[in-house]
Amino acid sequence: MLDQTDGYTTADGRKIGGVVMEMKNITLRFGGVTAIEDISFDIREGEIRAIIGPNGAGKSSMLNVVSGFYIPQEGEVWFRGSPRPPMRPFEVARQGIARTFQNIALFEGMTVLDNVMTGRLTHMNTGVIAQALWKGKAEAEETANREIAEKVIDFLEIQHIRKTPVARLPYGLKKRVELARALAAEPKLLLLDEPMAGMNVEEKEDMCRFILDVNDEFGTTIALIEHDMGVVMDLSDRVVVMDYGKKIGDGTPDEVRANQQVIDAYLGVSHD
């Protein structure tokens with residue numbers, strides 16, 4: 001049962017907390033094109049929240065609003081009980097929000113470890129000169145951040161490629177490295193833009209397992225966009241459905257599956 005203040009309990013007995021982020025009447029336009037029209041929904045602490053819809057529904061645009069990359073013309077984004085002002089990406093990261101991308105955005109010439117280490121940048125406080133000299137506080141800070149990066153690498157079972165340049169990796173492992181970089185930032189809210197895109201069945205199974213483990217072991221709140229409906233229905237606690245920039249459904253996977261408007265627009269199942 002959903003409680004507007006205190007959260008809710010899932011079917012498997014997990015306790016979901018109060019609202020972490022709330023989208024209030026969001027409208028986003030690009031010139032004369034309305035990508036998002038008057039959409040409201042929330043993301044609650046500890047849950048896995050999915051955003052789904054057909055191609056062109058506005059899902060990625062919405063995720064970019066959540067991450068602070070896009071500023072809506074109308075509506076407000078509330079984070080932890082307060083309206084969030086326009087922010088630059090590093091300010092959003094310092095709020096505890098990290099993301100992966102639909103199109104992999106790694107540093108191809110760098111090793112896996114070095115890519116994961118970039119996720120620690122917002123946690124590094126020593127100056128450029130101190131880091132270059134690598135003495136005293138800079139050395140201690142580097143060592144501490146490297147330990148966290150190595151723990152993430154171990155968690156995602158990519159120890160065997162930690163010194164491999166990313167350019168040499170197959171697609172599925174690159175997606176896992178991108179997840180590792182996001183996790184290295186120790187986010188409270190993790191945004192995943194089509195984490196299963198382009199993967200084979202085995203790679204999808206691995207990624208599903210890691211997403212569930214991140215949520216369970218770290219307590220990380222997760223919002224994701226995904227086209228694979230089997231994945232969405234298995235992973236998600238709640239699902240918001242978009243179509244042509246509008247919200248047409250919002251609820252548990254079972255509620256969304258039974259929503260005739262969602263069926264007609266997206267799931268492709270005829271009326272009884």
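The values are calculated or read from the model by the stated rules, or taken from the named source; none is laboratory data. Just so it is clear, the model here is predicted, and its values are computed rather than measured. Here Cβ is always computed from backbone atoms with ideal geometry, including for glycine, and neighbour counts include all displayed protein chains.
Give me the residue from segment 1-45 that is among the hydrophobic types (A, V, I, L, M, F, W, C) and outside any strand (DSSP E or B) and, out of that set, modelled with the lowest pLDDT. Of everything passing the filter in segment 1-45, M1 is modelled with the lowest pLDDT.
If you check R146, R209 for being of a type in the set (K, R), at pLDDT below 95, more than 14 Å from the chain's Cα centre (by Cα) and not in a loop (DSSP other than H, G, I, E, B), only one passes: R146.
Pick from V214, V231, V256: which is more than 24 Å from S61 (Cβ to Cβ), part of a helix (DSSP H, G or I) and either out of contact with any Pro (no Cβ under 6 Å at 6 or more places or on another chain) or in contact (Cβ under 8 Å) with a residue 12 or more places away in the chain (or both)? Steps first, answer last, please.
Numbers: V231 fails: more than 24 Å from S61 (Cβ to Cβ); V256 fails: more than 24 Å from S61 (Cβ to Cβ).
Exactly one of V214, V231, V256 is more than 24 Å from S61 (Cβ to Cβ), part of a helix (DSSP H, G or I) and either out of contact with any Pro (no Cβ under 6 Å at 6 or more places or on another chain) or in contact (Cβ under 8 Å) with a residue 12 or more places away in the chain (or both), namely V214.
Taking each residue of segment 46-72 that is at negative phi and looking for partners that are crowded, with 19+ Cβ neighbours inside 10 Å and basic (K, R) with beta-carbon atoms closer than 8 Å, six or more apart or interchain, yields E47/R238; R49/R238; A50/R238; I51/K59; I52/K59; L63/R99; S67/R99.
Here A265 passes the criteria (1) touching a residue at least 60 places away in the same chain (Cβ under 8 Å); (2) within 15 Å of the chain's Cα centre (by Cα) except the one numbered (2).
Is it fair to say V232 is surrounded by 23 or more Cβ atoms within 10 Å (Cβ to Cβ) and of a type outside the set (S, T, N, Q)? Taking the combined requirement at face value, the residue does not satisfy it.
Quick check on V240: is it aliphatic (A, V, I, L, M), touching a residue at least 12 places away in the same chain (Cβ under 8 Å) and part of a helix (DSSP H, G or I)? Steps first, please.
Details: aliphatic (A, V, I, L, M): yes; touching a residue at least 12 places away in the same chain (Cβ under 8 Å): yes; part of a helix (DSSP H, G or I): no.
No, not satisfied.
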